Protein chains: 2
Amino acid sequence: MTRMLEAQNGQITEEIRAAAKLENMDAEQFREKVAQGHITIVRNSKRSITPLIIGEGTSIKVNANIGTSSSQEDLSQELEKVRLCEKYGAHALMDLSTSGDLAAIRKKIMDTTSLALGTVPLYEMAFRAQEKKKSVLDLTADEMFAVIEDHCAQGVDFLTLHCGVTKQTVQRFKEVKRLGGATSRGGTIIMEWIHHNKEESPLYAQYDRLLDILAKYDVAISLGDAFRPGATSDATDRAQIEELSILGELVDRARKRGVGSFVEGPGHVPLNQIVTNIQIQKRLCRNAPFYVLGPLTTDTSLGHDHISGAIGGALAGMAGVDFLCYVTPAEHLRLPSLDDVKEGVIASKIAAQSADLAKGVPAAIERDDAMTRAKIAFDWETIYKLSVDPEKARAYRESLPPSMKAEECCSMCGEFCAVKRSNEVLK
Amino acid sequence: MTRMLEAQNGQITEEIRAAAKLENMDAEQFREKVAQGHITIVRNSKRSITPLIIGEGTSIKVNANIGTSSSQEDLSQELEKVRLCEKYGAHALMDLSTSGDLAAIRKKIMDTTSLALGTVPLYEMAFRAQEKKKSVLDLTADEMFAVIEDHCAQGVDFLTLHCGVTKQTVQRFKEVKRLGGATSRGGTIIMEWIHHNKEESPLYAQYDRLLDILAKYDVAISLGDAFRPGATSDATDRAQIEELSILGELVDRARKRGVGSFVEGPGHVPLNQIVTNIQIQKRLCRNAPFYVLGPLTTDTSLGHDHISGAIGGALAGMAGVDFLCYVTPAEHLRLPSLDDVKEGVIASKIAAQSADLAKGVPAAIERDDAMTRAKIAFDWETIYKLSVDPEKARAYRESLPPSMKAEECCSMCGEFCAVKRSNEVLK
């Protein structure tokens with residue numbers, strides 16, 4: 001029995017009790033939200049990790065993508081990224097590896113981290129097709145489900161699957177004539193599969209079969225958004241919203257089967273459409289947890305997409321998004337380096353803290369206030385500790401000449417320190 | 001006669017015609033907004049630069065702060081910062097130097113750049129007091145106004161002056177008992193001056209005298225916000241709003257005297273209070289252009305304050321802010337390095353572009369769309385050119401192995417390129 005079915009039966013498990021405490025919520029209220037599917041607990045029943053908790057009333061969580069590719073096959077670097085993600089406070093990882101022994105890579109990552117792990121099984125489907133010298137477009141339903149079951153059996157905690165790509169949504173996509181086309185890697189494979197085979201994708205046509213596999217391992221489904229806009233000018237169009245509507249139906253079916261679900265979202269979205277995007281998702285998908293990729297608020301921030309991602313993520317978070325996928329400075333250009341991963345996690349953590357603060361999450365308020373108290377007291381060690389990047393904050397201040405470091409206040413204002421002066425007035 | 005008085009007399013000057021064209025506005029409509037003070041043209045009548053244009057209906061502009069301090073007296077580095085600010089698209093500079101020959105530094109900066117230049121004369125007042133071995137608190141009105149006139153006579157385009165610090169606002173500040181006190185360097189000097197001298201500051205008591213000096217050189221006044229919150233928990237409190245109300249009265253008086261004005265704003269503000277802050281400023285100050293310092297949406301982003309500043313600046317911009325003061329990664333820690341300046345300008349430019357796009361500014365939409373067209377065409381040279389940081393975008397892609405660079409698409413997705421695949425479906 002999945003934990004969602006247990007919650008629907010009224011059971012308050014130890015896991016629910018612990019999660020509710022962590023989120024500063026009442027356990028019974030928490031159980032109810034899990035039963036409704038408004039909160040999703042993400043943990044494969046085979047893994048003994050602290051679960052990822054996302055949804056209504058919880059603090060915003062951050063995901064980081066890692067993984068090998070044909071241009072970056074060095075697994076040790078990917079494992080170093082895992083450690084960086086943990087160090088800077090990511091709550092989940094997605095392994096998007098497309099090159100090497102994919103199962104062995106996943107095992108190594110799961111052995112390295114206690115963070116929840118997600119995958120996009122389509123990449124391995126494509127990889128296996130390649131090994132068999134066949135096109136990904138000729139994959140059978142059995143071959144697809146075999147990969148999905150392998151991921152579940154191995155312990156993966158959540159799977160991104162683009163189940164909302166149907167004949168109907170592909171047709172809508174063709175009709176809207178976007179400037180930027182589609183940008184979902186997994187989603188476009190399914191689009192092409194439907195286009196090529198002239199039939200519904202097994203991920204949609206055999207969705208109940210998929211749910212049975214997920215339920216067996218209590219794996220959560222992250223309903224991928226194949227038609228997310230890849231350009232601000234394409235945001236919130238009919239292809240995107242039609243798919244979202246179908247994802248809402250699939251959320252309903254997952255809930256009935258007791259499978260935890262959440263919904264992926266855009267993408268590239270102008271700032272003035274972000275709140276609308278969150279509201280329409282929460283309505284069409286009946287308050288399913290929402291997982292956004294950015295959203296980027298401009299297409300022009302190449303090399304600094306983590307910043308436009310943080311702008312979009314913060315506003316989305318305030319409007320109700322539950323889970324932020326990081327964006328690194330390398331987005332659109334190459335796979336991220338170690339530094340890019342660090343910058344990406346930090347940018348998303350700033351967005352999450354800003355949004356939680358705006359929503360009144362007590363832990364977020366307390367953290368900002370503790371920082372202010374430390375600043376007023378010139379307590380630099382506490383200031384560093386509460387910073388999103390303690391090492392950088394320390395290194396910046398320690399780059400000063402010794403005479404300045406000796407001063408209580410920082411070198412930015414020196415003798416003009418406003419804190420000192422206003423304390424004089426307040427005495 | 002100042003250009004505001006000319007505009008009030010119905011004159012459409014060449015400057016107005018050129019500015020209106022640049023902003024994609026009708027010249028007569030533009031003149032009217034200048035006459036009302038809803039748009040401020042910032043240029044000292046002694047300087048022949050392209051003016052800084054801020055206010056209603058114009059695109060959002062970005063300011064960068066530079067300047068020496070006792071820990072950083074190397075002027076050549078500051079001039080290098082000027083060049084970086086120009087390169088990455090800042091629209092104005094503020095020279096906040098507090099060490100060295102301040103007049104000579106300003107001259108050198110003005111000789112180097114054609115960007116509008118602002119200063120905070122209080123720093124030089126404090127510096128001159130120090131030279132005379134007296135306290136800044138013993139400065140006379142004549143000494144203060146002498147510094148202000150010197151800045152104007154030298155060609156400075158706008159001055160930040162904390163005229164809203166009065167006995168009444170200081171009293172309110174004492175009563176609100178903030179967690180984070182005050183963080184305006186200039187503002188706290190005036191607070192202390194009032195506290196020490198038990199009388200109104202000359203900047204308020206002799207405001208008409210101040211306006212006469214500014215009018216003589218057609219210098220704009222940036223009404224400083226001494227009581228801006230320095231912590232998210234202090235945002236939008238009575239001290240801040242009371243000062244804003246006084247600043248609104250001072251805007252009215254500046255308009256009557258034909259002096260261009262704009263109003264400085266917070267600071268540290270939780271995301272959910274930003275729109276309110278912009279609306280209350282626009283109302284209390286009768287649509288004066290608004291110039292925000294960030295705002296930072298969390299106090300915990302030390303080392304990465306440019307990111308929380310970009311989050312706050314973008315939302316503020318969408319809500320109507322006209323002018324963003326950059327925040328660098330060095331904020332709260334030290335004076336910015338060259339790299340910090342670059343990162344700060346870029347973060348603010350991303351915020352400005354995101355906000356302009358959300359407001360429907362045609363040039364912003366066209367820039368995002370041109371980028372999308374270039375991406376779809378794999379036209380990398382145009383992609384770099386349209387990026388906020390062409391060199392970094394190019395360097396990232398060129399760090400790839402040659403086999404990957406040869407491909408049309410980027411190495412992030414490689415063979416899984418969604419653009420290529422969706423083009424297949426759309427054929």
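Remarks
- Test: residue in region B:370-378 that is of a type in the set (K, R), modelled with pLDDT of 95 or more and under 26 Å from B:C325 (Cβ atoms): no
- Complete set of residues in region B:106-126 that are more than 20 Å from the chain's Cα centre (by Cα) and farther than 16 Å from B:T140 by Cβ: B:K107, B:K108, B:D111
- Looking only at residues of region A:216-230 that are of a type outside the set (S, T, Y) and more than 14 Å from chain B (Cβ to nearest Cβ), we find that the one that is farthest from the chain's Cα centre (by Cα) is A:K216.
- Residue in region A:362-374 that is farthest from the chain's Cα centre (by Cα), counting only those that are more than 7 Å from every other protein chain (Cβ to nearest Cβ) and in contact (Cβ under 8 Å) with a residue 12 or more places away in the chain: A:A374
- Just one of the listed residues (B:D212, B:D225, B:D208) is in a loop (DSSP other than H, G, I, E, B) and either modelled with pLDDT of 95 or more or of a type in the set (A, V, I, L, M) (or both), namely B:D225.
- Consider region A:74-95 and keep the residues that are outside any helix (DSSP H, G or I) and at pLDDT 95 or above. The one that is surrounded by the fewest Cβ atoms within 10 Å (Cβ to Cβ) is A:G89.
- Residue satisfying condition, being under 19 Å from B:V388 (Cα atoms) and more than 7 Å from chain A (Cβ to nearest Cβ), within set B:S348, B:S337: B:S348
- Taking the listed residues A:G37, A:G10, A:G57, A:G67, the one that is within 20 Å of the chain's Cα centre (by Cα), among the small types (G, A, S) and open to solvent by 30 Å² or more (accessible area, probe 1.4 Å) is A:G57, with no other qualifying.
- Applying the condition of being under 21 Å from B:K392 (Cα atoms) and not hydrophobic (A, V, I, L, M, F, W, C) to region B:310-334 and asking which residue is nearest to the other protein chains (Cβ to nearest Cβ) yields B:P329.
- Residue in region B:148-166 that is without any contact (Cβ under 8 Å) to a residue 40 or more places away in the chain and touching a helix residue (DSSP H, G or I) at 6+ places or on another chain (Cβ under 6 Å) present: no
- A count restricted to region B:291-307 and to residues that are within 16 Å of B:A352 (Cβ to Cβ) and either facing chain A (nearest Cβ under 10 Å) or surrounded by fewer than 24 Cβ atoms within 10 Å (Cβ to Cβ) (or both) stands at 2.
- When residues in region A:322-361 are screened for being more than 18 Å from A:I307 (Cβ to Cβ), touching a residue at least 60 places away in the same chain (Cβ under 8 Å) and over 13 Å from the mean Cα position of the chain (by Cα), 4 of them pass.
- From A:L84, A:L96, residue being touching a helix residue (DSSP H, G or I) at 6+ places or on another chain (Cβ under 8 Å), within 21 Å of A:S184 (Cβ to Cβ) and not basic (K, R): A:L96
- When region B:357-390 is limited to residues that are open to solvent by less than 40 Å² (accessible area, probe 1.4 Å) and among the polar types (S, T, N, Q), the one that is nearest to A:E331 (Cα to Cα) turns out to be B:S387.
- Region A:265-289, subset open to solvent by 10 Å² or more (accessible area, probe 1.4 Å) and touching a residue at least 60 places away in the same chain (Cβ under 8 Å), residue farthest from the chain's Cα centre (by Cα): A:R286
- Residues that are touching a strand residue (DSSP E or B) at 6+ places or on another chain (Cβ under 7 Å) and at pLDDT 95 or above, drawn from region B:97-109: B:I105, B:R106, B:I109
- Scanning region A:375-396 for residues being under 28 Å from the mean Cα position of the chain (by Cα), part of a helix (DSSP H, G or I), at the interface with another protein chain (Cβ under 9 Å from one of its Cβ atoms) and among the charged types (D, E, K, R) gives a total of 2.
- Failed condition for A:S233, given (1) open to solvent by 10 Å² or more (accessible area, probe 1.4 Å); (2) part of a helix (DSSP H, G or I); (3) more than 9 Å from chain B (Cβ to nearest Cβ); (4) over 22 Å from B:I274 (Cβ atoms): (3)
- Residue within region B:189-199 that is under 27 Å from B:A92 (Cβ atoms), without any contact (Cβ under 8 Å) to a residue 60 or more places away in the chain and either out of contact with any Cys (no Cβ under 7 Å at 6 or more places or on another chain) or among the aliphatic types (A, V, I, L, M) (or both) present: yes
- Qualifying positions in region B:236-257 - in a loop (DSSP other than H, G, I, E, B) and within 13 Å of chain A (Cβ to nearest Cβ): B:T236
- Taking region B:119-176 as the range and being touching a Gly at 6+ places or on another chain (Cβ under 8 Å) and within 14 Å of another protein chain (Cβ to nearest Cβ) as the test, the residues that pass are B:V120, B:L122, B:Y123, B:T160, B:H162, B:V165.
- Residue within region A:332-340 that is surrounded by 24 or more Cβ atoms within 10 Å (Cβ to Cβ) and polar (S, T, N, Q) present: no
- Looking across region B:143-195, just one residue is assigned to a loop (DSSP other than H, G, I, E, B), open to solvent by 10 Å² or more (accessible area, probe 1.4 Å) and of a type in the set (A, V, I, L, M), and that is B:L179.
- Condition check for B:I278: in contact with a Leu (Cβ under 7 Å, 6 or more places away or on another chain) and at pLDDT 95 or above: no
The values are calculated or read from the model by the stated rules, or taken from the named source; none is laboratory data. Computed from a predicted structure; not experimentally measured. As a convention, Cβ positions derive from the backbone with ideal geometry for all residues, glycine included, and neighbour counts pool all protein chains shown. Accessible surface areas use protein heavy atoms only, side chains included; no ligands, DNA or RNA. Shrake-Rupley method; radii C 1.70, N 1.55, O 1.52, S 1.80 Å.
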